[in-house]
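S.K.: This is the structure, below, for whatever I ask next.
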Amino acid sequence: MSRTLGFKLGAIVLLIMLLLIPLMKIGGLVSERQYLREGVLQDIARSSSYRQQITGPILVMPYTKVWNEWKTHDKTGERYMEERQSRGRLYFLPERFVLNGKVGTELRARGIYKALLYRSDNQINGTFKLPARLGLGEDLGLYRFDKPFLSVGISDVRGISNDLKLNLNGTQLGFAPGSGDERFGAGVHAPLPSLDSQGGQLLEFAFDLKLQGTEQLSVTPVGRDSQVSLRSDWPHPSFVGEYLPSQREVTEQGFVAQWQTSFFATNMEDALQECVDEDNCNGLSARTFGVSFVDPVDQYLKTERAIKYALLFIGLTFAVFFLFEVLKRMAVHPVQYALVGMSLALFYLLLLSLSEHMGFASAYALSALACVALIGFYVSHVLRSWLRGCAFASLLGALYSLLFGLLSAEDYALLMGSLLVFGVLGCVMVLTRKLDWYSVGRSAPSNPATL
């Protein structure tokens, strides 16, 4: 290869590497704007309510256990009886737990950023089945019970928007602030009347819970048989947690999802026992399912993905530019390569700024159109032909279309990118199959192409 051709290829490679500097700066700007948006979204959630998790209801019975214990006096050796006592709580999970929720969504804006808030109207009902003698057998007489209560854990109580009333076996009772048990975190609890501790008792409960939150709504399936149904107007749900819906239907008008679990699948009794005995409630809080209200068009994520293809994009554009130069026997100055490269890098800055004010697809189309028009106009003068400039602009527009396809088809991005590179390489090999590369270096024109 001649020295002239080697110098030109080295200059192109150096330009591509130098263009990584502004691309890295733009990538850092994307991260900065994304961080700023997350801060605004958290600020909106802080002034309203965060993501919500419902745990319960769980029936709690505080007790004091009193028993006598024989002891021996250290000095006299006489035996005597000493009364001992300890305090604790009995916990009972529902035999059946049913939640039917209707979730409406709304957007809250602060500046150019928007946060999605939801309001859920939940009807919760079910039954508790207390065992005979509360499962304590002959030791029941050692226990003195305080007033029982029904505990409902709610991760952010600021989101409660109705006056909670509990219907227990046809009797209406009120709720009080706090879950009543630190193991369940924040929430509410309902004091209950004295319960039958001898023959067992069936308790039917029902209450309505209107809850506001952001990002995500989760439910802990506390029942031996748990059935949860959620209906919403949000068409882009992401189902999260340990259990996927047994049935779901997602349309442009919203979604309907139903979950059904049992103790065999959740092992909730062991999780509750671990929470009580070891003060480790991670297992209890992790056994949840629900829905995340995600934004399907995250302009920052898509812009960040587009920048990842920038090196490939610039390399392909320079390759097309270089083919025009070689095949048409025209000299293009490295400065002109640099100006075209800067225009390509500017595309990503335009994409970032426009996507904050309009849809990503519209921002992409406007940014691509502006860059194609600018580069096409410039290359028409560089190559001294409007026909060549239009052909170059058409190829560049096709590359932008392929890039948008790569961004839209995330699962097939690698396959499409591989086919694109293979296709470009094949075109280069076909077009230059009869080219004498040594003559290219020796027969450079005396009058380089300029503006």
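Bear in mind these aren't lab numbers, they're just calculated from the coordinates by the rules spelled out. Keep in mind that this is a model prediction, so the values were computed, not measured. Using ideal geometry, Cβ is built from the backbone for each residue, glycine included, and neighbour counts are taken over all protein chains shown.
S.K.: Please pull out the direction-averaged projected area of region 168-287, using the convex hull of its alpha-carbon atoms, in nm² to one decimal place.
M.R.: Average projection, Cα convex hull of region 168-287: 9.6 nm².
S.K.: Counting other beta carbons within 10 Å of each Cβ, put Met61, Met358 in order, fewest first.
M.R.: Met358, Met61
S.K.: Among Ala365, Leu349, Ala331, which residue has its Cα furthest toward the positive end of the charge dipole of region 246-396, with +1 on Lys/Arg Cβ and -1 on Asp/Glu Cβ?
M.R.: About the Cα centre, the residue reaching furthest to the positive side is Ala331.
S.K.: Right, here's the next one. What's the extension gain from Asn100 to Ala319 if we count 0.36 nm per residue and subtract their Cα-Cα distance?
M.R.: The Asn100-Ala319 span can extend by a further 72.9 nm.
S.K.: Right, another one. Gain in length, Lys210 to Asn68, computed as 0.36 nm per residue apart minus the alpha-carbon separation, to one decimal in nm?
M.R.: 46.2 nm
S.K.: Which of the chymotrypsin sites (Phe, Trp or Tyr not before Pro) found in region 8-99 are loop residues per DSSP with 16 or fewer other Cβ atoms within 10 Å of their Cβ?
M.R.: Tyr50
S.K.: Identify unpaired cysteines across the chain, taking unpaired to mean no other cysteine Cβ lies under 4.7 Å from the residue's Cβ.
M.R.: By the Cβ distance rule, which asks for a partner under 4.7 Å, the isolated cysteines are Cys371, Cys390, Cys427.
S.K.: For a quick check: with amide H placed at 1.01 Å from N, whose amide H comes under 5 Å from Val240's, ignoring anything fewer than 5 positions away on the same chain?
M.R.: Here the answer is Gly290, Val291, Ser292, since their amide H atoms fall under 5 Å of that of Val240.
S.K.: If the only charges are +1 at each Lys and Arg Cβ and -1 at each Asp and Glu Cβ, what is the size of the charge dipole of the chain around the Cα centre, to the nearest 20 debye?
M.R.: Dipole size: approximately 2440 debye.
S.K.: Using the beta-carbon distance between Glu38 and Leu244 and R0 = 25 Å, what value does 1/(1 + (r/R0)^6) give for FRET efficiency, to the nearest 0.05?
M.R.: So, using R0 = 25 Å, E works out to roughly 0.35.
S.K.: Would you order Arg433, Arg287 from fewest to most other beta-carbon atoms within 10 Å of each residue's own beta-carbon?
M.R.: Fewest to most other Cβ atoms nearby, the residues stand as Arg433, Arg287.
S.K.: While we're on this one: If you wrap a convex hull around the alpha carbons of region 1-143, what volume per residue comes out, as a whole number of Å³?
M.R.: Looking at region 1-143, the number lands at 398 Å³ per residue.
S.K.: Helix 299-308 sits at what angle to the longest principal axis of the chain, using alpha carbons and giving 0 to 90 degrees rounded to 10?
M.R.: That helix lies at roughly 50 degrees to the long axis.
S.K.: Still on this structure, I have one more. Take a quick pass over region 75-174 and tell me how many lysine pairs come in under 26 angstrom between Cα atoms, counting only ones 8 or more apart or on separate chains.
M.R.: 5
S.K.: Oh, and also: Taking neighbour counts of Cβ atoms within 10 Å as a proxy for exposure, in what order, fewest first, do Leu93, Leu323 appear?
M.R.: Going from least to most buried by this count: Leu323, Leu93.
S.K.: Also, I was wondering about something else. Quick one: longest stretch of the chain between exposed loop GluC sites (Glu not before Pro), exposed meaning at most 11 other C-beta atoms within 10 Å and loop per DSSP?
M.R.: Answer - 253-451.
S.K.: Of all alpha-carbon pairs in region 21-88, indicate the percentage at a distance above 20 angstrom.
M.R.: In whole percent, the share of Cα-Cα pairs in region 21-88 beyond 20 Å is 70.
S.K.: Okay, next question. Would you mind getting the Kirkwood hydrodynamic radius of region 149-222 from its Cα pairs, rounded to one decimal in Å?
M.R.: Averaging 1/r across every pair of different Cα atoms and inverting gives 13.6 Å.
S.K.: Using the alpha-carbon atoms, what tilt in degrees (0 to 90, nearest 10) does helix 268-278 show relative to the longest principal axis of the chain?
M.R.: Approximately 80 degrees, to the nearest 10.
S.K.: What's the center-to-center distance, using Cα atoms, between region 46-79 and region 354-402 in Å?
M.R.: So the two Cα centres are separated by 72 Å.
S.K.: I've got another one for you. Quick check: residue separation of Gln123 and Phe377 times 0.36 nm, minus the Cα distance between them. What number comes out in nm?
M.R.: Length gained, Gln123 through Phe377: 85.0 nm.
S.K.: Now a separate question. Can you tell me the dipole magnitude for region 281-407 around its Cα centre, using point charges on the Cβ only (Lys, Arg +1; Asp, Glu -1), in Debye to the nearest 20?
M.R.: In debye, rounded to 20, region 281-407 gives about 400.
S.K.: Between Val421 and Asn280, how high is the FRET efficiency from 1/(1 + (r/R0)^6) when r is the Cβ-Cβ distance and R₀ = 56 Å? Nearest 0.05.
M.R.: Approximately 0.60, to the nearest 0.05.
S.K.: Write down Rg/Rh for region 229-332, rounded to two decimals, with Rg from the C-alpha atoms and Rh from the Kirkwood relation over Cα pairs.
M.R.: Over the Cα atoms of region 229-332, Rg/Rh equals 1.38.
S.K.: Run the numbers on region 108-237 and let me know its relative contact order in percent, using alpha-carbon pairs under 8 Å that are six or more apart.
M.R.: RCO, region 108-237: 36 percent.
S.K.: Which option, (1) 63; (2) 40; (3) 60, is the value of percent of Cα pairs over 31 Å apart that was calculated from these coordinates?
M.R.: Among (1) 63; (2) 40; (3) 60, the one derived from this structure is (3).
S.K.: Cα axis of helix 386-408 to longest principal axis of the chain: angle in degrees, 0 to 90, nearest 10?
M.R.: 10 degrees
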